[in-house]
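All remarks here apply to the structure that follows.
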Amino acid sequence: MLSITLKDLYQPLPLCEGFRPEPGNRYHLTGLAGSFRSFLAAELSERIITHQVFILNDKEEAAYFFNDLENLFGQETLDFREKTVLFFPTSYKKPYDTEAVDNANVLSRSEVITRLSSGETPLLIVTYPEALCEKVVTKSYLEQAIFKINRDEKISLDFLTDILSEYGFERSDFVIEAGQYSIRGGLVDVFSYADDYPYRIEFDGDEVGSIRTFDPATQLSKETLKQVSILPDIHDRSINETRQSFLDLFGTSCPVWLMDTAYMLDKTEKEFDKVQKAYLNLRSAISHLPPEQLFCTSEELLRIIQQHPVIEFGLHFYFKEA
C-alpha cells in the first residue's frame with residue numbers, strides 16, 4: 001500500500017515519483033486534513049497531464065473544495081472558457097419535476113460537457129454523488145446537437161430561426177437566461193447552453209457580419225468572437241436518446257479522487273431510490289423515461305470507477321488493496 005503522510009511531503013517528490021495514472025491503480029493518501037487536501041491535489045494535478053474528477057461527499061463540501069482549487073490556480077476572475085477548474089452540479093431540485101429544474105445548474109453541466117467534448121486543456125472537475133448519479137447524453141449525440149456559426153458565414157436569418165425553434169429555444173423580447181433568443185432587425189441575441197454569456201449575432205444580409213458576447217444585465221459587449229456554438233438543453237429528459245454515466249466521457253486514464261467511496265455509493269443508492277419513488281408517483285400526462293435510463297445505480301458507478309486510477313484521500317478507505 002502507498003501511504004503518504006505530512007512528514008513524507010518534505011521529502012523530494014515522494015508522491016509524484018510513485019504515482020502512475022494507469023487504469024485500475026489505487027492509492028490511499030493519509031494524514032491529510034482541511035484545505036491541505038486541496039493543496040496536495042493542486043500540486044499533484046500540476047504533474048498529471050489528463051482530466052481529473054474529484055468526488056466530494058455533498059454539494060457544500062464540493063463547493064468549498066472547488067473554491068480552494070480555483071483560488072490556488074488563480075482562476076476566480078477568468079472567463080469560463082479559460083478555466084481549467086470546473087464545478088459539475090445536479091440539474092434539478094426534485095427528480096421528474098420540470099418546474100424544479102435549476103437553469104443555472106443546467107447551464108453549468110452543459111458547459112462542462114461541452115468543454116470536455118472540445119478536447120482542450122486537461123480539466124479538474126469537482127462534483128458530488130447526486131450530480132454523478134444523473135446520466136448525460138453521449139458524445140455522438142452532443143456532436144450532432146451542436147450548431148456552429150462562423151463570422152462571415154453565409155446563413156439566412158430564417159434558417160437560424162428555424163434551427164433555434166427546432167432546438168426548443170424560446171423567443172422573447174430580451175434574453176436573460178439560457179434557452180432564449182430575440183430578433184431585432186438584423187440582430188439576433190441567443191443564450192446558448194454552451195456559454196456563460198449570450199451571443200449577439202449581427203447579420204449583413206445573408207452573411208454573419210459580427211459575433212460577440214454581451215452582459216444581459218447591462219447589454220454591454222464583452223468579447224468579439226470568430227465562432228460560437230449553439231447548444232440546446234441536453235439535460236431535457238424528454239429527449240429519447242441513449243445516456244451514459246458522466247464518467248464514461250473520460251478515458252480510463254482519468255484519475256478519480258474520492259473523499260469517501262462507501263459514503264458516495266450509499267448516497268447514490270439513496271438518490272436512485274428517491275428517483276424511482278418519484279417516477280412511480282408521476283401523475284403527468286407527459287411521457288417520461290424510466291429511472292434506469294436517466295440515472296446511475298451505485299453498482300454502475302462502482303463498476304466504472306474501478307476502471308480508472310482511484311485516489312482515496314479522506315478518512316476512510318473502500319479499496320483495501322492499494
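Inside region 206-226, can you point out the residues that are in a loop (DSSP other than H, G, I, E, B), free of Cβ contacts under 8 Å to residues at least 60 places away in the same chain and open to solvent by 60 Å² or more (accessible area, probe 1.4 Å)? Hits for region 206-226 are Asp206, Ala217, Thr218, Gln219, Leu220. Against the condition surrounded by 12 or more Cβ atoms within 10 Å (Cβ to Cβ), free of Cβ contacts under 8 Å to residues at least 12 places away in the same chain, touching a strand residue (DSSP E or B) at 6+ places or on another chain (Cβ under 6 Å) and of a type in the set (D, E, K, R), how does Glu170 come out, does it pass? So Glu170 passes the test.
If only residues of region 16-69 that are among the hydroxyl-bearing types (Ser, Thr, Tyr) and touching a helix residue (DSSP H, G or I) at 6+ places or on another chain (Cβ under 7 Å) are counted, the one that is nearest to Leu124 (Cα to Cα) is Ser38.
Residue pairs whose Cβ atoms lie under 6 Å apart, separated by 6 or more positions or on different chains, with the first residue in region 291-304 and under 20 Å from Val137 (Cβ atoms) and the second of a type outside the set (S, T, N, Q) and part of a helix (DSSP H, G or I), are Pro291/Val275; Pro291/Tyr279; Phe295/Cys133; Phe295/Phe272; Phe295/Val275; Cys296/Cys133; Thr297/Phe272; Ile304/Leu247.
Specify the residue that is nearest to Asp233 (Cα to Cα); the eligible residues are those in region 133-166 that are in a helix (DSSP H, G or I), in contact (Cβ under 8 Å) with a residue 60 or more places away in the chain and of a type outside the set (A, V, I, L, M).
Tyr141
Residues that are open to solvent by 10 Å² or more (accessible area, probe 1.4 Å), hydroxyl-bearing (Ser, Thr, Tyr), assigned to a helix (DSSP H, G or I) and touching a helix residue (DSSP H, G or I) at 6+ places or on another chain (Cβ under 9 Å) occur at least once in region 113-121. Checked against (1) in a helix (DSSP H, G or I); (2) modelled with pLDDT under 90, Leu289 meets all criteria but (1).
Residue by residue, here is whether (1) under 30 Å from Asp266 (Cβ atoms); (2) hydroxyl-bearing (Ser, Thr, Tyr) holds:
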| site | (1), (2) |
| --- | --- |
| Leu124 | yes, no |
| Ala131 | yes, no |
| Tyr141 | no, yes |
| Phe147 | no, no |
| Asn150 | no, no |
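Taken over region 16-37, the criterion of being open to solvent by less than 30 Å² (accessible area, probe 1.4 Å) and in a loop (DSSP other than H, G, I, E, B) is satisfied by Phe19, Leu32. With respect to being under 23 Å from the mean Cα position of the chain (by Cα), part of a strand (DSSP E or B) and surrounded by fewer than 19 Cβ atoms within 10 Å (Cβ to Cβ), Ser229 fits the description. Among the residues of region 186-205, those identified as aliphatic (A, V, I, L, M), at pLDDT 90 or above and open to solvent by less than 40 Å² (accessible area, probe 1.4 Å) are Val188, Val190, Ile201. Looking at region 189-200, is at least one residue in contact with a strand residue (DSSP E or B) (Cβ under 7 Å, 6 or more places away or on another chain), outside any strand (DSSP E or B) and over 15 Å from Leu107 (Cβ atoms)? No, the conditions are met nowhere in region 189-200.
Closer than 30 Å to Ala41 by Cα, aromatic (Phe, Trp, Tyr) and at pLDDT 90 or above, is that true of Phe80?
Criteria not met by Phe80.
Pairing residues of region 110-132 that are at pLDDT below 90 with residues that are of a type in the set (Gly, Ala, Ser), at Cβ distances under 7 Å and at least 6 apart in sequence or on separate chains, gives Ser110/Ala194; Glu111/Ala194; Thr114/Ala194; Thr114/Ser229. Tallying residues that are part of a loop (DSSP other than H, G, I, E, B), at pLDDT 85 or above and not small (Gly, Ala, Ser) within region 233-252 yields 2.
Residue count for region 38-87 satisfying the condition of being farther than 20 Å from Leu315 by Cβ, hydroxyl-bearing (Ser, Thr, Tyr) and in a helix (DSSP H, G or I): 1.
The values are calculated or read from the model by the stated rules, or taken from the named source; none is laboratory data. If you're wondering where the values come from, they're calculated on a predicted model, not measured in any experiment. All Cβ positions, even for glycine, are placed from backbone atoms using ideal geometry, and neighbour counts span all protein chains on display. These accessible areas exclude ligands, DNA and RNA; they are computed on the full protein's heavy atoms, side chains included. Shrake-Rupley method; radii C 1.70, N 1.55, O 1.52, S 1.80 Å.
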